[in-house]
1. Obtain the nm distance between the two label points defined at Thr71 and Thr97 by a simple spin-label model: each point lies 7 Å from its Cα along the Cα-to-C-beta direction.
2. If you filter the range 1-83 for chymotrypsin sites (Phe, Trp or Tyr not before Pro), then keep DSSP loop positions with at most 13 other Cβ within 10 Å, what is left?
3. Just to confirm a number: summing +1 for Lys and Arg and -1 for Asp and Glu over residues other than Gly53 whose beta-carbon lies under 11 angstrom from that of Gly53, what do you get?
4. What distance in nm lies between label points placed 7 Å from Cα along the C-beta direction at Lys18 and Val130?
5. Using DSSP loop states and a limit of at most 13 other Cβ atoms within 10 Å to flag trypsin sites (Lys or Arg not before Pro), what is the longest stretch of the chain containing no flagged site?
6. Below 16 Å, Cα to Cα, which lysines can Lys113 reach? Residues fewer than 8 away in the same chain don't count.
7. Can you give me the angle between helix 70-80 and the longest principal axis of the chain, using Cα atoms only, in degrees from 0 to 90, rounded to the nearest 10?
8. Within 15 Å, Cβ to Cβ, of Glu109, how many net charges do the neighbouring residues add up to if Lys/Arg are +1 and Asp/Glu are -1?
Amino acid sequence: MEKVVRFGVSIEPDLLSKFDEIIGKRGYTNRSEAVRDLVRELIVEYDTTTDGGEVVGTITIIYDHDIGDVTNRLLHLQHQHNSEISSTMHIHVDAHTCLEVLVVYGCAEAVRKLSDNIRALRGVKHGELVMTSTGI
Ligand code: NI
């Protein structure tokens, strides 16, 4: 384990009591690990919402490959954004429905724009972008 720094925190008893209740339910065995995770969450939130922040993540989409030329448009978009796409996984869910997961990386704005463009394609029924940071 790398070197750690201890610091004191002043907090109202009611707030601490609620914090302890929640972290206990979530399985934390001590406050330090819960606070570290909160700090990591803040860093991820900052990196994924700040211009220039570097992110990694996934775009998960579900689409009907029989609608329009969604398959070709998706392929074209992925080739255009090959610098932000690390890999893709495609599952043929049923006769018409496809599930695709794209592993993406790069600056937050570019990744978000790619996700928006994919989700806006006709035939894409739902899409979800999940971003995290490697800087934690
Ligand atoms: Ni398919």
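Please treat every number below as a calculation from the coordinates, not as lab data. Only a predicted model underlies this, so the values are computations on that prediction, with no experimental measurement involved. Every residue, glycine among them, receives a Cβ derived from its backbone with ideal geometry; neighbour counts consider all protein chains shown.
1. Each label point lies 7 Å from its Cα, and together they span 1.8 nm.
2. Details: sites: Phe7, Phe19, Tyr28, Tyr46, Tyr63; in loops: Phe7, Tyr28.
Those satisfying the criteria are Phe7.
3. On the way: positive: Arg112; negative: Glu45, Asp47, Asp51, Glu54, Glu109.
Spelling it out: positives minus negatives among the neighbours equals -4.
4. According to this spin-label approximation, the distance is 2.8 nm.
5. Numbers: sites that count: Lys3, Arg6, Arg26, Arg122.
Free of exposed loop sites, the longest segment is 27-121.
6. none
7. 60 degrees
8. Numbers: positive: Arg112, Lys113; negative: Asp47, Asp51, Glu54, Glu84, Asp116.
Every neighbour counted, the sum reads -3.
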